[in-house]
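All remarks here apply to the structure that follows.
The values are calculated or read from the model by the stated rules, or taken from the named source; none is laboratory data. Keep in mind that this is a model prediction, so the values were computed, not measured. Cβ coordinates were reconstructed from backbone atoms using ideal geometry, including for glycine residues, and neighbour counts include every protein chain displayed. Ligands, DNA and RNA are excluded from the accessible area calculation, which covers all protein heavy atoms including side chains. Shrake-Rupley method; radii C 1.70, N 1.55, O 1.52, S 1.80 Å.
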Amino acid sequence: MKQPVKSWLIATSIASLLAAPGLSQANAEVDNLSKDPSNWATWGGNYAGTRYSTLDQINTHNVKNLQVAWTFSTGVLRGHEGGPLTVNGVVFVHTPYPHKVYALDQSTQSVIWEYAYTPDKDIDPNQVISVMCCDVVNRGLAYGDGKIFLAQGDATLVALDAKTGKLAWKIKNADPKVGATSTNAPLVVKDKVITGMAGGEFGVRGFLAAYNIKDGSLAWKKYSMGPDAEVGLNPEKTTTWVDGKTAPVGKDSSLSTWKGDQWKIGGGSTWGWYSYDPALNLVYYGSGNPSTWNPVQRPGDNKWSMSIWARDADTGEAKWVYQMTPHDEWDYDGINEMVLLDLPMKDRNGKDHDKLLVHFDRNGFGYTLDRVTGELLVAEKFDKAVNWASHVDYKTGRPQVVKEYSTHQNGTDVNTKGVCPAALGSKDQQPIAFSPRTKLVYIPGNHVCMNYEPFEVEYTAGQPYVGATLTMFPAGVDAVTGIKNGSTNLGVFTAWDPTTGKIVWSKDEPFSVWSGAVATAGDVVFYGTLEGYVKAVDARSGNELYRFKTPSGIIGNVNTWSYKGKQYVGVLSGLGGWAGIGMAAGLDGESEGLGAVGAYKSLANFTKLGGVLTVFSLPNN
């Protein structure tokens, strides 16, 4: 449902600001908007997803003077992931399901238009909420062709006129009645909008889809597992990493790794983030965990769940694919963001590479690959608490599983204790930032371990298909050395060298850092904490320079932009998400919330629910 534009004056102003280009220019438009630091036009700030801004008005010397410039309450209590988009002076803010979208005028901090979700006749919002794993969050909006795109929780995708909020078109991407939902931030690429879906805990079959931005018609759709044609695999041209080199995947590379028809309910959802290299015309993303969480029930490598993908943006065909965690036994969902860096490095054989892809997986390994070829360059632990695998074999690309922590080997109805990291990973969905000035990546992380007990589960469409009971607790070791120290922190914020796979510095945080970070040319890195602090640290040393307690816990991404010559930093607070599911959904059992409730119980002593956009700037003079 749209609300009318508040005034003719505002309507005229916004119409001029958001004049829509032709469809053929949409790609260049997003690219150009991203290159102008006054905007924050994609989830990652640019197609590469670096979450870096060239703005330097706020720097290491003056960030201590930061003040709240203005705030905006979303009126919604559940978890607020993602962050505000800023396009040509207008700030766009979204809320969790059932959604609202606000277009905000920065000069008056008033609402230009408001979109409120309306379910289709065959959709029961309560049923949708019941199948949204880990809170009803949404990771944000996309902009392109004069439209705002929102992937709604009920697995529909809507395009809104950016000037008025009027619904331009709406399509059904998947079916929530079988447990498929949407939580991702779409990405506009050329004349298409890229989106995925969630539901790995309900036995969906994951896919990535591209829709034409003009009318919402389907351009292509490629699954994470199944027959080659449906997955978009060319047996002779699509490559993967084997025996120390890339080689064709061969015929039926997915089907041959599943027992019978299990691939039809095999998971591999795609609810994370999407990046794009215009020069290579490749879209990058990760596929999630195989279904069920009980590994004993699904023998095989379960390809291509838990994989990094590079797909042609026009056809969806895969150029290369790399599986990080074959036969996942711990729910190390592989959907975290792919960040594209142009950074020279030599691989272990002395070969030069300069078009890199970095990815920090839930499994606790930080990967650097050549994004042109898919060659594996770096795979090292970015939190030394990780114990489920000793290392990644660089020749095969496979993690070397420690038998003690293999939930498959230990078997159904056996509680495997002390597995690190926990299922929510050494890092979950919260995106990293990269600074070309320091050449470092900044990782918001978790520092949590778990006990994991698989149990037999039968598939029923639309019902949970999890098959494991979990409890979580602090890692209790130093994140840099892995030495046991009895610590109780659940989070870390880490600086990492993507060319060497080394930790440069790391800061402990009481709770998981579930917020996306942003790095700036002022050599400041911002992130948020579950207790609600926005923090600014020195990009080179990690020393804390500023903190401010916002009204609720932060699971959103910190973004920055400028308006009328002034730099602003904005973040959505609003506790929830997997780490905050206990408070968001009113759960209190130790193993509820897929194991997270017990570990994060004490959060209630520090913050409460409530969605608020807080915008910061330096004082005048």
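Tabulated data for the structure shown
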quantity: Residue 440 long-range amide H proximity, modeled H, under 5 Å; calculated: 435
quantity: FRET efficiency, residue 487 to residue 170 (Cβ-Cβ, R0 56 Å, nearest 0.05); calculated: 0.70
quantity: Accessible area (Å², per residue) of the stretch 162-255, counting only protein heavy atoms and a probe of 1.4 Å; calculated: 34 Å²
quantity: Point-to-point label distance, residue 221-residue 461, nm (Cα→Cβ direction, 7 Å offset); calculated: 1.4 nm
quantity: The stretch 19-137: proportion of alpha-carbon pairs further apart than 24 angstrom, %; calculated: 44 percent
quantity: Convex hull per residue volume in Å³, alpha carbons only, for the stretch 476-621; calculated: 131 Å³
quantity: For the chain, size of Cβ-based charge dipole, Lys and Arg +1, Asp and Glu -1, in debye; calculated: 1100 debye
quantity: Unit charges at the beta carbon, dipole of the stretch 429-583: most positive-side option, 537, 471, 450; calculated: 537
quantity: Inter-probe distance in nm under a simple model that places probes 7 Å from Cα toward Cβ, at residue 538 and residue 109; calculated: 3.2 nm
quantity: Descending semi-axes in whole angstrom, ellipsoid equivalent of the stretch 154-230, from the Cα gyration tensor; calculated: 23, 15, 9
quantity: Candidate values (i) 0.98; (ii) 0.94; (iii) 1.10, label of the one derived for Rg/Rh (Cα atoms, Kirkwood Rh); calculated: (ii)
quantity: Overall Cα dimensions of the stretch 244-348, principal axis frame, Å, largest first; calculated: 43, 33, 27
quantity: Modelled label reach - residue 261, point 7 Å along Cα→Cβ, the stretch 187-222 residues with backbone N closer than 16 Å; calculated: 203-205
quantity: Fraction of accessible area attributable to carbon and sulfur, the chain (%, probe 1.4 Å); calculated: 51 percent
quantity: Extension gain, residue 395 back to residue 247 (0.36 nm per residue minus Cα-Cα distance, nm); calculated: 52.0 nm
quantity: Mean ellipticity per residue at 222 nm, deg cm²/dmol - from DSSP H runs of n ≥ 4 across the chain, formula -39500 (n - 2.57); calculated: -1500 deg cm²/dmol
